[in-house]
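Below is one structure, written out as structure tokens, with a few remarks after it.
The values are calculated or read from the model by the stated rules, or taken from the named source; none is laboratory data. Note that this is a predicted model, so its numbers are computed, not measured. Here the Cβ is made from the backbone with ideal geometry for all residues, glycine too, and neighbour counts use every protein chain on show.
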Amino acid sequence: MTTVLGFLGRTQGKRRFAGVDLLTYLYLGIGTIIMFGPILWLIMSSFKSQSELVKFPPTLLPYSQPSVTVPGYDKPLDLYNVTLDDGTVKQMALAARVGLEATMVDPAAPTTTVKVNIKQIQSVEVMSFNLDNYTRGVAAFDFGVYLRNSVAVTFFATILTLLVNSMAAFGLSKYRFAGRNAIFVLIVSTLLIPLPVILVPVFLVITQVGWNNNLLGVIVPASATPTGVFLLRQYMLTIPDELLDSARIDGASEWRIYWQIILPLATPALAVLAIFSVMWRWNDFLWPLIVLSHKELFTLPIALNSFQGQFDTQWDVLLAMTVLTLLPITVVFAFLQRFITTGIATTGLK
Amino acid sequence: MTSETRKLPGQARKGIDGAVNSIASLADIVLEPLQRRFGVQKMAYFFVLPNLIIFGIFILLPMILNFYYAFTAGIHLLPQDRPFVGAQNFQTLFACTNFANPNTCNQDIFWRAVWNTISFVFFQVIGMIGFSLITALALNRRIRARGFFRSVFFYPVLLSPVVIGLIWKWILQRDGVLNSIVVALGGSQLPFLLNADWARAWITLISIWAQMGFFTLILLAGLQAIPSELYEAGQIDGANSWSSFRFITLPMLAPTMLVVTVLVIIRAVQVFDQPFVLTGGGPGTATVYMVQYIYSTGFDPTTPQYGLAAAASIVLGAALLILTLVQLRLGRATEL
């Protein structure tokens, strides 16, 4: 204990451990519980069986009641702790229940049964991480279909975003042409026009293009993001023009310069944009909500939302699917955590 | 054996690189003649074109069409089927004897949504700035596991609003874990999502929970940009920790705080998905916000009122425009 305190009490430099430090750790500790607690609770709950989920007050860890197959009975029987008349406690299976009377059978000796009052029995509970919700959910919820849609949208939208925006950024940063500044200002000023403001006409355009209920309607429109153009252009401005000139002298075409010089040099900015794009597309809600109304085209967020409306009480499956939905982005974050946080701090984007 | 396995990924990677590169050089078969025909500088148009086409069709065109919708009526989506009605949609929206009392308005839900949004923005901004600033200050201290704590506070930012809505719906429901804590402490179950005030409070708190990590990061970057010489000079002059916070940190952080505040407001005005999942606008209309009004008016499955929705979205757009202009104005003022 003293070593733990000593470890926590150590500070960098010569400063003493002050009251403010204690307060800081206290705040951050409570903060950690508040930030992570809800997610942990979701994960714990997703392993609980239906009967465990409706229990009030709920238990922190998932428990389940084991059952045994006893010869002579068709179905597996639930296990209970039975307080026998002589005071001993014995683990027995519940064979039948009529009113307040329960017929218990000893799994070791299936021929003898004991009749007891139900007050004398208590269900055996062992901690178990039940994957049942996941397997049932994946089957009933068409998780595979929604996952495939989400992955397809995220992957192709990100590729398209990177390509289209880096091309535009290259054109806007490395050439002089009539209307260049006008185009740049036009693109960047639409940063102020969020989707909710143009909801109705966007729906018309999508319908007219024929992309209603088509994943292309989710992938293409949002790929020309002003944020992407802005971010990449600012980065490409720092690449010296002399590099392009010497490539031109060597006979490289403009496309080759873009592909083999600019893109490799802009990798850090492209990586930041790629991460943002994955985040945006994976979590996107309002746009796919409008474009997609056929169930087989739903992305995960849309599917989760429709599922909660349809079966308001099917929490068991819903919780498991929610965990599966947050899993990929969590894995990405775990690996690229430092990169993402510094990326946001320097660009100020989300 | 080991050399074999070590070689394989490299080869595979080279293969993918090669494939991508050969596709890319295919583009040059078309582009090189173009370049010879139009010259190097004109190639810029080619590079900008794909972006401009997508941008023009899906952002610029809708922006213009939005005005057309706002001044036409009917349930038809196609512009040619919609009769021109002048400012009627706006008149309907603003038909109100007393704007503070939505019951006296023709579109009472719109005005409820407006007032809900205003109160949401007000409380959310205060909470968001407060918690983000405290967290950033805590993370800016010389503490252990700083990276860990920073990630903890940031993590919810990455989650989908639908996931966030579901997590909290599960926690806040009548027989949920929070109510079990309340009961364990001797209270009785509280109607967290079924009472208007509770629901509003939770939506505000959850949105702070979900987004504060993002603003904390920006404020933290602002704090770290303050030169440490200032604090050293302050110490020599006998400043205690409060006065160095009050006279060094706060003034130096003011520009960042301003940007963050406006960013928080602009985002809060557009609140939609997380309350939509959590409460669906309820109980009653207690948590209907402006974007949800636009969505449910324009995309009602039986009688979509596109004109009214477009008019409402222009009101929302105007509010956002004003806020942005304020931001630019303030930004310029602080630069001087």
Inset, instruction - Being in contact with a Lys or Arg (Cβ under 6 Å, 6 or more places away or on another chain) and either surrounded by 14 or more Cβ atoms within 10 Å (Cβ to Cβ) or away from chain B (no Cβ under 14 Å) (or both) narrows it down to one of A:Val82, A:Val89, A:Val68, so name that one. - result: A:Val82
Inset, instruction - Could you tell me whether A:Ile187 is farther than 27 Å from A:Met321 by Cβ and surrounded by 24 or more Cβ atoms within 10 Å (Cβ to Cβ)? - result: yes
Legend entry - The lone exception for B:Ile248 - which of (1) without any contact (Cβ under 8 Å) to a residue 60 or more places away in the chain; (2) closer than 30 Å to B:Leu172 by Cβ it fails: (2)
Legend entry - Single unsatisfied condition, A:Glu254 versus (1) among the acidic types (Asp, Glu); (2) facing another protein chain (nearest Cβ under 8 Å); (3) touching a residue at least 40 places away in the same chain (Cβ under 8 Å): (3)
Inset, instruction - Please determine, by comparing only the residues of the range B:36-54 that are more than 8 Å from every other protein chain (Cβ to nearest Cβ) and at pLDDT below 90, which one is surrounded by the most Cβ atoms within 10 Å (Cβ to Cβ). - result: B:Phe38
Legend entry - Matching residues, the range B:150-177, being outside any helix (DSSP H, G or I) and within 19 Å of the chain's Cα centre (by Cα): B:Leu159, B:Ser160
Inset, instruction - Could you tell me which numbered condition B:Ile57 fails, if it satisfies all but one of (1) over 23 Å from the mean Cα position of the chain (by Cα); (2) modelled with pLDDT under 90; (3) on the phi < 0 side of the Ramachandran plot? - result: (2)
Inset, instruction - Identify the residue in the range B:151-175 that is more than 25 Å from B:Met128 (Cβ to Cβ) and more than 7 Å from chain A (Cβ to nearest Cβ) and, among all such residues, is surrounded by the most Cβ atoms within 10 Å (Cβ to Cβ). - result: B:Gln173
Inset, instruction - Give just the number: which of (1) within 30 Å of A:Ile159 (Cβ to Cβ); (2) more than 7 Å from chain A (Cβ to nearest Cβ); (3) at pLDDT 90 or above does B:Pro62 not satisfy? - result: (2)
Inset, instruction - Might you check whether a residue that is under 23 Å from B:Gly127 (Cα atoms) and assigned to a helix (DSSP H, G or I) occurs anywhere in the range B:178-186? - result: yes
Inset, instruction - Spot the failing condition for A:Met236; the list is (1) in contact with a Lys or Arg (Cβ under 7 Å, 6 or more places away or on another chain); (2) surrounded by 22 or more Cβ atoms within 10 Å (Cβ to Cβ), and only one is missed. - result: (2)
Legend entry - Residue among A:Ala271, A:Ala252 that is at pLDDT below 90, assigned to a helix (DSSP H, G or I) and among the hydrophobic types (A, V, I, L, M, F, W, C): A:Ala271
Legend entry - Qualifying residue in the range A:58-73 (condition: part of a strand (DSSP E or B) and closer than 19 Å to A:Val323 by Cα): yes
Inset, instruction - Quick one: in the range A:285-300, of everything that is in contact (Cβ under 8 Å) with a residue 24 or more places away in the chain, of a type outside the set (Val, Ile, Thr) and not in a helix (DSSP H, G or I), which residue is surrounded by the fewest Cβ atoms within 10 Å (Cβ to Cβ)? - result: A:His294
Inset, instruction - Would you tally the residues in the range B:226-244 being of a type in the set (Phe, Trp, Tyr) and out of contact with any helix residue (DSSP H, G or I) (no Cβ under 8 Å at 6 or more places or on another chain)? - result: 1
Legend entry - Residue satisfying condition, being aliphatic (A, V, I, L, M), part of a helix (DSSP H, G or I) and under 12 Å from B:Met212 (Cβ atoms), within set B:Ala136, B:Ala113: B:Ala136
Legend entry - Selection from the range A:190-204 of residues that are farther than 22 Å from B:Tyr293 by Cβ and either surrounded by 21 or more Cβ atoms within 10 Å (Cβ to Cβ) or facing chain B (nearest Cβ under 8 Å) (or both): A:Thr190
